[in-house]
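Here the structure is laid out as structure tokens; the discussion comes afterwards.
FYI, it's all coordinate maths here, none of it is from the lab. Every value quoted in this text rests on a predicted model; they were computed, and no experiment measured them. Every residue, glycine among them, receives a Cβ derived from its backbone with ideal geometry; neighbour counts consider all protein chains shown.
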């Protein structure tokens with residue numbers, strides 16, 4: 001399937017897409033809370049790669065790979 005947009009039009013469209021609270025994020029957050037894991041931080045921009053969740057007490061970051 002050929003692209004119907006030019007490279008600059010596609011780039012402009014993709015720059016306007018903002019990430020929000022996705023279903024995957026909300027489900028994972030509920031799972032973390034149900035296991036009693038507290039103190040996690042969401043969307044930490046100060047860490048490399050901007051992880052979705054950061055668990056400082058375990059020194060663990062969680063990335064969610066979602067397609068749209």
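Note on 22, 6: ascending count of other Cβ atoms within 10 Å places them as 6, 22, the fewest first.
Going by how many other Cβ atoms sit within 10 Å of their own, how do 53, 63 line up, fewest first? Mind showing how you got there, number by number?
Values: 53 19, 63 10.
Placing the least packed residue first, the sequence is 63, 53.
To the nearest 10 degrees, how steep is helix 23-34 against the longest Cα principal axis of the chain, on a 0 to 90 scale? The two axes meet at around 0 degrees. The sum of -39500 (n - 2.57) across all DSSP H runs of n ≥ 4, divided by the residue count of the chain, sets its helix-only mean residue ellipticity at 222 nm to -9000 deg cm²/dmol. Beyond 20 Å, what share of the Cα-Cα pairs of the chain remains, rounded to the nearest whole percent? Of all Cα-Cα pairs in the chain, 44 percent lie more than 20 Å apart.
Simple spin-label estimate for residue 31 and residue 11 gives 3.7 nm between the two label positions (7 Å along the Cα-to-Cβ direction from each Cα). A protection proxy built from the mean count of other Cβ atoms within 10 Å ranks the segments 35-43, 9-17, most packed first, as 35-43, 9-17.
Remark: relative contact order (the chain) = 19 percent; criterion is Cα-Cα distance under 8 angstrom and separation of 6 or more residues.
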